[in-house]
Amino acid sequence: MAARRYVCKRRGCDRARERWQDVCSGCWQEVPQTLRDGLRQARERGLPALARQIGQNIVKSLGRKPARAAGDARAAYYRTAAMMGERAEIEPAE
């Protein structure tokens with residue numbers, strides 16, 4: 001039987017995480033230090049309800065993961081031209 005794969009809870013992120021984590025290690029680096037400390041302290045003191053609430057706040061504070069940057073300027077131009085209904089493959093008149 002294959003092991004279950006847990007996905008990061010942050011919207012737009014599909015990286016793997018451990019079962020006990022709320023977000024993946026890449027997203028965890030973006031979490032403010034005060035929330036990290038609060039979650040650690042709640043887990044150390046054995047307060048699962050508070051830890052769960054802080055975890056939800058962490059996911060909410062991160063928001064949606066930003067899309068990746070466009071490849072190159074030419075590809076960006078062609079996408080813009082396509083959105084505006086222009087035909088990019090036609091050379092401009094001289």
- Keeping to region 35-71, report how many residues are at pLDDT 75 or above and part of a loop (DSSP other than H, G, I, E, B). 6
- Task: Any chance you could count how many residues in region 5-23 are open to solvent by 60 Å² or more (accessible area, probe 1.4 Å), of a type outside the set (A, V, I, L, M, F, W, C) and free of Cβ contacts under 8 Å to residues at least 12 places away in the same chain?
- Result: 2
- Report, ordered by the first and then the second residue, all pairs with beta carbons closer than 8 Å, sequence separation of six or more or different chains, a first member in region 41-68 that is surrounded by 13 or more Cβ atoms within 10 Å (Cβ to Cβ), and a second member that is assigned to a helix (DSSP H, G or I) and among the basic types (Lys, Arg). 51/43
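The values are calculated or read from the model by the stated rules, or taken from the named source; none is laboratory data. On a predicted model such as this, the values are computed, not experimentally measured, just so you know. Glycine gets a Cβ as well: all are built from the backbone with ideal geometry, and neighbour counts include every protein chain shown. We work out accessible area using only protein heavy atoms, side chains counted, and drop any ligands, DNA or RNA first. Shrake-Rupley method; radii C 1.70, N 1.55, O 1.52, S 1.80 Å.
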